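Here's the structure we're looking at; comments come further down.
The values are calculated or read from the model by the stated rules, or taken from the named source; none is laboratory data. All figures in this text were calculated on a predicted structure; none of them were measured in a lab. Positions of Cβ are generated from backbone atoms using ideal geometry, with glycine treated the same way; all protein chains shown enter the neighbour counts.
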Amino acid sequence: MTRRLPYSLAAALTLAACTDGPTNPADTPGPEFITGNFEEDFAHPWVGLIAFYDQAGDFSHRCSGSLISPTKFLTAGHCTDDGEGGVMPSARIWFRQDAGTRFNVITEEMDPLTGYPDTCIDDPAVVLDACVTAHTMFNYGNSGFPDTHDAGVVILDEAVTDVNYGVLAAPETLDDLANRRGQQDVTFVSSGYGISQVVPTTLSFRERLMATSKIVNLKSALTAGFNVQTSANPGGGRGGNCFGDSGGPLLYQGEIVGVTSFGLNRNCKGVDFAYRIDRQEVQDWINDPS
């Protein structure tokens with residue numbers, strides 16, 4: 001699902017939330033999920049697939065995100081946004097690597113192992129609770145482009161205690177990188193559950209996958225200290241992001257420096273942009289989003 005952009009470049013920039021349904025996601029413009037040279041991600045069990053539901057309890061869209069404390073899940077602001085100036089009323093998060101892989105988008109039959117996209121099914125084989133619900137969430141709020149405030153926080157109904165949590169990078173981590181030579185050789189890791197291919201056919205595994213990318217820019221008009229631009233083309237063993245990867249972590253040396261936010265190409269090619277959370281004001285809000 002492509003969410004509305006809150007700034008004037010909406011025609012050029014696209015966001016990466018995703019809707020699962022009988023329609024072909026390739027008909028919907030926006031960035032992608034982990035693409036290119038990706039692999040199954042068992043290294044980051046705290047990265048989850050989050051499904052959002054409307055006031056009637058019907059499935060709306062899905063994104064990715066990171067469990068950063070027993071009850072706090074970090075994602076993109078355009079994922080928690082209800083499109084009407086508020087936040088989505090409820091959500092459900094799965095932490096399985098293969099969450100939703102058996103969901104049939106044609107018949108809309110839910111995944112018999114996880115319950116995706118409508119319910120939770122306990123799986124004793126999974127150490128981490130396979131699924132948790134949430135009814136409290138926050139949106140950092142739009143302040144225009146390039147500082148889109150594209151961060152969202154979801155408070156879980158129950159604590160998840162059987163897993164290590166994602167760690168936020170120290171403030172100004174990327175500033176330090178921008179001011180040193182050889183920044184083009186800096187490698188990032190992305191993780192998420194989105195679409196892996198749009199052209200020539202749509203591939204949506206709903207698996208947690210990961211891929212590496214290289215930094216492109218931190219100081220352009222599109223980044224300006226608020227976003228980080230990374231390579232998305234699969235050349236040179238790299239991967240990128242696509243629909244459904246919104247909110248998933250951008251990792252530097254194992255720590256979260258950004259959340260997947262937007263891209264410039266509806267076919268998930270070119271470059272990706274993550275909203276930086278390695279900034280003191282953003283982390284202050286994440287710590288106390290109320």
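For the reader, a short list of remarks on this structure follows.
Residue by residue, here is whether (1) farther than 23 Å from TRP46 by Cα; (2) modelled with pLDDT of 95 or more holds:
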| position | (1), (2) |
| --- | --- |
| THR80 | no, yes |
| THR114 | no, no |
| ALA125 | no, no |
| ALA130 | no, no |
| SER143 | yes, no |
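- Of the numbered criteria (1) of a type in the set (A, V, I, L, M); (2) buried (at least 24 other Cβ atoms within 10 Å of the Cβ); (3) in a strand (DSSP E or B), the one ILE68 fails is (2).
- Being part of a strand (DSSP E or B) and under 17 Å from SER246 (Cα atoms) is a property that does not hold for GLY83.
- Within the stretch 86-117, the set of residues being in contact (Cβ under 8 Å) with a residue 40 or more places away in the chain, more than 18 Å from THR148 (Cβ to Cβ) and assigned to a strand (DSSP E or B) comprises SER90, ALA91, ARG92, ILE93, TRP94.
- VAL167 meets all of the listed conditions (1) at pLDDT 95 or above; (2) closer than 15 Å to SER64 by Cα but one, namely (2).
- Condition met for LYS219 (over 29 Å from ILE93 (Cβ atoms), at pLDDT below 85 and part of a strand (DSSP E or B)): no
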